[in-house]
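Comments concern the structure below.
The values are calculated or read from the model by the stated rules, or taken from the named source; none is laboratory data. Computed from a prediction, not measured in an experiment: that's the story for all the values here. Note that we place each Cβ from the backbone using ideal geometry, even for glycine, and neighbour counts take in every protein chain shown. What goes into the accessible areas is simple: the full protein's heavy atoms, side chains included, and nothing from ligands, DNA or RNA. Shrake-Rupley method; radii C 1.70, N 1.55, O 1.52, S 1.80 Å.
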Amino acid sequence: VVGRVKEVHPVPQQGVVGKAKKGKAASKKSDLRATVDLDMRESTLLEEKDKLTFDKVKVDSKYRGVVTRVEQYGVFVRLDGSDVSGLAHITECSDDYVKNVAKLYDPGDLVKALVVSKDADAKRIGLSLKASHFEG
């Protein structure tokens, strides 16, 4: 099980609730028992050092992501393992002509994205979801 430990609670031995055993100390490993509360949320498990940041995103790099929003003009994608999002313009959503992006993508769809542009001043990333970028 993978998780971050939130708290550890000692558990009393069987038959002994609130009292210490007479003549025997809990020195053996088998005498030590505890319950552990784990936090297994993705946001907790991904440490800051493992997160992809805007500065680490590079043009012409390929990433996996999740569609977060679909608009008339394109699709917003959050890159996996980060809080970084970018826009795939309607012209970058398919190799074929697309009139309605909502027919191709829904929020929650898993996608592969190629970073085609990056504007550091505006903190914007341009993405392409065209299949031709990922073939061969």
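Hey, can you tell me all the residues within segment 123-132 that are open to solvent by 50 Å² or more (accessible area, probe 1.4 Å) and either out of contact with any Leu (no Cβ under 8 Å at 6 or more places or on another chain) or among the polar types (S, T, N, Q) (or both)?
Correct list: LYS123, ALA131, SER132.
Applying the selection to segment 81-107, what residues are outside any loop (DSSP other than H, G, I, E, B), open to solvent by less than 50 Å² (accessible area, probe 1.4 Å) and of a type in the set (Val, Ile, Thr)?
Passing the criteria: ILE90, VAL101.
Going residue by residue through segment 33-53, is there one that turns out to be more than 29 Å from PHE134 (Cα to Cα), assigned to a strand (DSSP E or B), modelled with pLDDT of 65 or more and of a type in the set (Val, Ile, Thr)?
yes
Consider LEU110 carefully, then state whether it is surrounded by fewer than 11 Cβ atoms within 10 Å (Cβ to Cβ), of a type in the set (A, V, I, L, M), within 22 Å of the chain's Cα centre (by Cα) and within 18 Å of PHE134 (Cα to Cα).
In short, yes.
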